[in-house]
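Trainee: Have a look at this one.
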Amino acid sequence: MVTMCNHHFTLVRDMNYRQIPAIFVADAPGLDFLNSVATPVDEEVDWISDGEGLLAWLEQAGMVSRTVLETMRVQSTAIELDEIAAQARGLREWFREFVQKRKGKPLSAKNLRELEPLNQLLERDERYSEIVASERDDETVFEFRETRRWHSAQSLLLPLAEAMAKLVCDEDFTQVKACEGPRCTLMFADHTRGHARRWCSMAICGNRAKVAAHRRRLKEQAAS
Ligand SMILES: [Zn+2]
């Protein structure tokens, strides 16, 4: 395997971590977007590191339908999609700074100015509504459905903007939290009744913390 060139090596590595499903534990799509870069085991994974990754993440998040994503794949070049993914990462890191600074306390009117870049992006949205027919219990029902025009790959940023805007408008920022895991970067909205959620998930950090506490107790017992 010594002869393996660097390019091939990179490809293999990318394919491997693409197989790890993205993490959706935030209970709020705007925070799931921030969690699209994380360290699930010991290596950082950025699920939107390129155009193909962005498309896959949007599909897993249920933000864009497979049909629309297929159209985008056909209409855009790989370079164009990579460029949109870079813009999405820029947006994500800009928003992370806002959320990290503002979480744990209620938002106030003066925070709105900081969100100006997000409002500028939302302005480009081309949402519209339509009546669609669907079947329910063997009967045809009409549904009022909101959708958007997907003019170019740029449009892929709009569901992300919507998720971020909804986080700001619909979530209680006092309950927006960062996981207490020492090396964990995941964030979530605590919707539990007692607002006692501390971990991104029991499987990732909760169990790790339990094991650490147990080890600590054993050490203390041994010392006394
Ligand atoms: Zn965690």
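The values are calculated or read from the model by the stated rules, or taken from the named source; none is laboratory data. In this text, all values refer to a predicted model and were calculated from it rather than measured experimentally. Using ideal geometry, Cβ is built from the backbone for each residue, glycine included, and neighbour counts are taken over all protein chains shown.
Trainee: Can you tell me how many residues in segment 118-129 are touching a strand residue (DSSP E or B) at 6+ places or on another chain (Cβ under 6 Å) and either at pLDDT below 90 or not basic (Lys, Arg) (or both)?
Mentor: Of the residues in that region, 2 qualify.
Trainee: When segment 71-94 is examined, which residues are found to be under 14 Å from His151 (Cα atoms), touching a Leu at 6+ places or on another chain (Cβ under 9 Å) and surrounded by fewer than 18 Cβ atoms within 10 Å (Cβ to Cβ)?
Mentor: Hit for segment 71-94 is Arg73, nothing else.
Trainee: I would also like to ask the following. Taking only pairs six or more apart or across chains, which ones have beta-carbon atoms under 8 Å, a first residue in segment 198-213 that is over 13 Å from Pro40 (Cα atoms) and without any contact (Cβ under 8 Å) to a residue 60 or more places away in the chain, and a second residue that is more than 10 Å from the ligand (Cβ to nearest atom) and not in a helix (DSSP H, G or I)?
Mentor: Close Cβ pairs satisfying both conditions: Arg198/Lys177.
Trainee: For segment 176-211, which residues satisfy the criterion of being farther than 25 Å from Ala88 by Cα, more than 9 Å from the ligand (Cβ to nearest atom) and either touching a His at 6+ places or on another chain (Cβ under 7 Å) or β-branched (Val, Ile, Thr) (or both)?
Mentor: Matches in segment 176-211: Thr192, Val211.
Trainee: Can you give me the ranges of the strands (runs of 3 or more DSSP E) entirely in segment 134-224 with at least 3 residues that are surrounded by fewer than 17 Cβ atoms within 10 Å (Cβ to Cβ)?
Mentor: 139-148
Trainee: Evaluate the following for Leu167: is it away from the ligand (no atom under 16 Å from the Cβ) and among the aliphatic types (A, V, I, L, M)?
Mentor: It is true that Leu167 is away from the ligand (no atom under 16 Å from the Cβ) and among the aliphatic types (A, V, I, L, M).
Trainee: I'd like the full set of residues that are within 18 Å of Val37 (Cα to Cα), among the charged types (D, E, K, R) and touching a residue at least 40 places away in the same chain (Cβ under 8 Å), limited to segment 89-112.
Mentor: Arg89, Arg92, Arg96
Trainee: Now, a different point. Out of all the residues in segment 44-67, is one or more under 13 Å from the mean Cα position of the chain (by Cα) and on the phi > 0 side of the Ramachandran plot?
Mentor: Within segment 44-67, one or more residues are under 13 Å from the mean Cα position of the chain (by Cα) and on the phi > 0 side of the Ramachandran plot.
Trainee: Quick test of your reading of the structure: Phe98 fulfils all but one of (1) among the hydrophobic types (A, V, I, L, M, F, W, C); (2) farther than 26 Å from Ala153 by Cβ; (3) in a helix (DSSP H, G or I). Name the failing condition by number.
Mentor: If we test Phe98 against (1) among the hydrophobic types (A, V, I, L, M, F, W, C); (2) farther than 26 Å from Ala153 by Cβ; (3) in a helix (DSSP H, G or I), just (2) comes out false.
Trainee: To continue, here is another question. Condition first: more than 25 Å from Val74 (Cβ to Cβ) and of a type in the set (Val, Ile, Thr). Now tell me which residues in segment 146-200 satisfy that.
Mentor: If the condition is that a residue be more than 25 Å from Val74 (Cβ to Cβ) and of a type in the set (Val, Ile, Thr), then Val168, Thr174, Val176, Thr185, Thr192 are the ones that fit.
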